[in-house]
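S.K.: First the structure, then my questions, so here it is.
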Amino acid sequence: PGIAGCLAQLTQAYKTIHAGQEPNSTLLKASILNTANDLGNVGPDFQFGWGHINALRALTLLEQNRHLSAQADQGLTTSHLVQIPAATKEAKVMIVWADPPTDPGAERALLNDLDLRMVSSDGTTTYLPWKLDPTPDPGILDTPAGKGRDSLNNVEQVSITDPAPGTYFVYVKGTDV
């Protein structure tokens, strides 16, 4: 009920900001996941997911239009620029897409596979998204997330702790669309 209430308030706020226009559900999902307060292991984990909802930060994201919508095409990479100001403690960039259901018994549940990465303004450092090991073993499921290519989920997030200020390049590749 708490999440539903926050989403209802964010929906109303979005409609107020955008002259009655309904928000896309994927945008609402991205806004609450990318602004959540991390709990448990650093990054996403199987116990707390992306963390505890922070509706104020999600609202600020919507109010300041710190989001965009774009198309991903098979085999192509789109690029976007993100300006990170000085004194930023953590920068988070997330992609979320609504993936249609696959056929029952399909080998892979994810129909479309997009890949996210960020590159520093000087081009020397590449940042990859969080990645969890889904091996069904209690010891493995409790290990912290690593970084790498994710082909299992329709949500990917790159986070950078204490990033240098500057323009960063965000790349989204349509690996399997």
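The values are calculated or read from the model by the stated rules, or taken from the named source; none is laboratory data. A quick note: this is a predicted structure, and the numbers were derived from the prediction, not measured. Note that we place each Cβ from the backbone using ideal geometry, even for glycine, and neighbour counts take in every protein chain shown. Areas reflect the complete protein model, heavy atoms only, side chains present, ligands, DNA and RNA absent. Shrake-Rupley method; radii C 1.70, N 1.55, O 1.52, S 1.80 Å.
S.K.: Out of the residues in the range 121-134 meeting the condition of being assigned to a loop (DSSP other than H, G, I, E, B) and within 18 Å of the chain's Cα centre (by Cα), tell me which one is surrounded by the most Cβ atoms within 10 Å (Cβ to Cβ).
M.R.: Pro129
S.K.: Also, I was wondering about something else. Can you run down the residue pairs with Cβ atoms below 6 Å, 6 or more apart or on separate chains, where the first is in the range 30-54 and in contact (Cβ under 8 Å) with a residue 12 or more places away in the chain and on the phi < 0 side of the Ramachandran plot and the partner is among the basic types (Lys, Arg) and part of a strand (DSSP E or B)?
M.R.: Close Cβ pairs (under 6 Å, with a partner that is among the basic types (Lys, Arg) and part of a strand (DSSP E or B)) amount to Asn34/Lys92.
S.K.: For the range 94-110, does any single residue satisfy the condition of being over 16 Å from the mean Cα position of the chain (by Cα), among the acidic types (Asp, Glu) and under 28 Å from Asn24 (Cβ atoms)?
M.R.: Yes, the range 94-110 contains at least one residue that is over 16 Å from the mean Cα position of the chain (by Cα), among the acidic types (Asp, Glu) and under 28 Å from Asn24 (Cβ atoms).
S.K.: Follow-up question, since we're still on this one. Of all residues in the range 161-174, which are closer than 22 Å to Lys29 by Cα and either under 13 Å from the mean Cα position of the chain (by Cα) or surrounded by fewer than 18 Cβ atoms within 10 Å (Cβ to Cβ) (or both)?
M.R.: Val170, Tyr171, Val172, Gly174 - these are the residues of the range 161-174 that are closer than 22 Å to Lys29 by Cα and either under 13 Å from the mean Cα position of the chain (by Cα) or surrounded by fewer than 18 Cβ atoms within 10 Å (Cβ to Cβ) (or both).
S.K.: Looking at the range 85-116, which of its residues are in a loop (DSSP other than H, G, I, E, B) and within 27 Å of Asp162 (Cα to Cα)?
M.R.: Matches in the range 85-116: Pro85, Ala86, Ala87, Thr88, Lys89.
S.K.: Asp150 - would you say it is open to solvent by less than 40 Å² (accessible area, probe 1.4 Å) and assigned to a strand (DSSP E or B)?
M.R.: no
S.K.: A further question on this structure: Would you confirm whether any residue within the range 32-45 is in contact with a Gly (Cβ under 7 Å, 6 or more places away or on another chain), open to solvent by less than 70 Å² (accessible area, probe 1.4 Å) and in a loop (DSSP other than H, G, I, E, B)?
M.R.: Yes: the range 32-45 contains one or more residues that are in contact with a Gly (Cβ under 7 Å, 6 or more places away or on another chain), open to solvent by less than 70 Å² (accessible area, probe 1.4 Å) and in a loop (DSSP other than H, G, I, E, B).
S.K.: In the list Ala19, Ala58, which residue meets the criterion of being small (Gly, Ala, Ser) and open to solvent by less than 30 Å² (accessible area, probe 1.4 Å)?
M.R.: Ala58
S.K.: For the range 66-84, which residues satisfy the criterion of being assigned to a loop (DSSP other than H, G, I, E, B) and open to solvent by less than 80 Å² (accessible area, probe 1.4 Å)?
M.R.: Listed by number, the residues that qualify are His67, Ala70, Ala72, Asp73, Gly75.
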